[in-house]
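The following block contains the structure, expressed as structure tokens.
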Amino acid sequence: MNPLRSLQNLPWQPLFLAGLLNGAIALVFMIGLRVLVESVDWIYAGAVMLVSQRVLFRLCLLGGAIGWGALGVVVVERFFPQVRLNGNTLWALLFCMGMAAWVEQQVVAMFVPGVGLLLSWLGQVSIGVLVGVFWKGKRYWR
């Protein structure tokens, strides 16, 4: 029996497209948040205070990562209903989200300097993304 057979039967293309769509939604959200912070003075002051307090900043970063992981499951549920979610496809989704984030970081860094830096946090918050994917998809892997 071939142990890689289950990997061959996973729906890689829809999962990668879901990862790209998830990353695009997150990127639009981050750019909108950046514009909002730069345009409203009291939000800018709050953002500076948040960044200066390292523990609170890391907790907010972890919360964002968990939300990004959960958003990946929601994107698959809503836009790719033909994908049957289970434990294996959740792990594949996690891999595809990571690959899509890397691709998007490379593409965005070519066109918009500084924005690719926002996506470089992926390695440091990958545990949060993992928690978000399996927290939102817990009914599929149990």
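The values are calculated or read from the model by the stated rules, or taken from the named source; none is laboratory data. Keep in mind that what you see is a predicted model, and the values were worked out from it rather than measured. Protein only, heavy atoms only, side chains kept; ligands, DNA and RNA dropped before computing areas. Shrake-Rupley method; radii C 1.70, N 1.55, O 1.52, S 1.80 Å.
Rounding to the nearest 10 and keeping the result within 0 to 90°, find how far the Cα-based axis of helix 87-111 lies from the longest principal axis of the chain.
That works out to roughly 40 degrees.
Of (1) 1.40; (2) 1.03; (3) 0.92, which is the value of Rg/Rh (Cα atoms, Kirkwood Rh) derived from the coordinates here?
(2)
With n ≥ 4 as the cut-off for DSSP H runs, can you work out [θ] at 222 nm for the chain, using -39500 (n - 2.57) per run divided by the number of residues, rounded to the nearest 500?
-26500 deg cm²/dmol
Taking the chain as the reference, fit the longest principal axis to its C-alpha atoms, fit the long axis of helix 12-39 to the helix C-alpha atoms, and give the angle between the two in degrees, 0 to 90, nearest 10.
Roughly 10 degrees, rounded to the nearest 10.
Hey, what angle do you get for helix 41-52 against the long axis of the chain, alpha-carbon based, 0 to 90 degrees rounded to 10?
Helix 41-52 and the main axis of the chain meet at about 70 degrees.
Whole number in Å², please: accessible area per residue of the chain, 1.4 Å probe, ligands, DNA and RNA not counted.
66 Å²
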